[in-house]
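Notes for the one structure printed next.
We did not get these values from a lab; they are worked out from the coordinates using the rules stated. These numbers come from a predicted model, not from an experiment. So basically every Cβ, Gly included, is an ideal-geometry build from the backbone, and we count neighbours across all protein chains shown.
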Amino acid sequence: MKSRSTLIAFISALLLHIIAGTLLLLNVNFSKIKPQPKNEVPIINATVVDQKLFDDLAQRKNEKKQAEIKKIEEEKQRIKQEKQRIQEQKKKAADLRKKKETERIEAEKADTLRKKKAAERVAAEKALAAKQLKAKQDAEKAKKVANEKRKKQQAENARKQAEEKRKKIEAEKAEAQRVEAQKIAAEKAAAKAKVKAEQEKERLRRAELDKQMDAQFENTFANAQSSRQLSEIARYTALIQDKISRNWQTEPSMKGKSCTLRIRLAADGLVISAKRSSGDLKLCESAKRAALKANTLPIPKDPDISTQFRDFDITVEPDF
């Protein structure tokens, strides 16, 4: 813009100088030509004027005048052309400015559109990235929830399996214990029944034996009493030995051995205690159990004799 203003100023100054110079030239030339009076008759000197010289001078003046007029016309034409050129340059400059302004506006519009599209693209990319990130986060969250649910389900399944296994083991253990207890109970019941049967058999045998022995002893003591062969003490000693023998579980290894027991009885014959006085230890232990098992032992009704059986020693030996 500054170069265009400088050019216009220069051209304007040049035109002013040209016009001023032309006008100055015209004033000078016109002042040299004096107008002739119309009715004035030239005074002819006596000297003869060369007509040809006069014509030549007039022609030269006319030619000079025509040349100056032509020069002025040419200058006018040049000035006109210069003005036209300046106008054209101004128009071109204006057109160029308009074009550049249009181009600038179009460029700005294009830049604005480009920036808008770039911003829209960036926004779209950001939106897409945000959407992808959210989708990724949602997928990761869903995966995490699924994993936690799966782990929880696995843990729950493992717990249930462990609980079922524990219950199964406990049930099997309880069943085994029940079967074992049932077996033990059956064995105990069988053993108890066997013992009871044996005890009942033994009781019946002893009852029968007691009955037979009582009858035998009654007969024996009856005969002894009648014949006074046995004393009352010997009779009850034999009865006590017999009662202990009937409650005594003997073994073949006891054959030929004996034991002396110290026995204390109540007034009614109840065995208060039975201790080993002498003899084989194992034999005495079994004899002591037999005396205690007998519970009560026979004693004389005669007070003078019965006192001797309140605390006494008695020797027993297995009968084979």
Simple spin-label estimate for A67 and R262 in nanometres, 7 Å along Cα-Cβ: 19.7
Peptides ranked, highest mean first, by Cβ atoms within 10 Å: ranges 117-128, 281-292, 241-252: 281-292, 241-252, 117-128
Inter-label distance for D95 and Q77, nm, one decimal - labels placed 7 Å from Cα along Cα-to-Cβ: 2.5
Cα pair distances of the range 232-320 binned at 5 Å [whole percent]: 3, 16, 28, 27, 15, 8, 3, 1
Straight-distance crosslink candidates among lysines, where the alpha carbon sits under 25 Å from K61 and sequence neighbours closer than 8 are dropped: K32, K34, K38, K52, K70, K71, K76
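For the range 232-320, how many pairs of lysine residues have a Cα-Cα distance under 13 Å, where the two are 8 or more positions apart or belong to different chains?
For the range 232-320, qualifying lysine pairs total 5.
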Charged-residue dipole, Cβ positions (Lys, Arg, Asp, Glu), the range 232-320 about Cα centre, Debye nearest 20: 320
Two-site label geometry, K160 and A197: point separation in nm, points 7 Å out along Cα→Cβ: 5.3
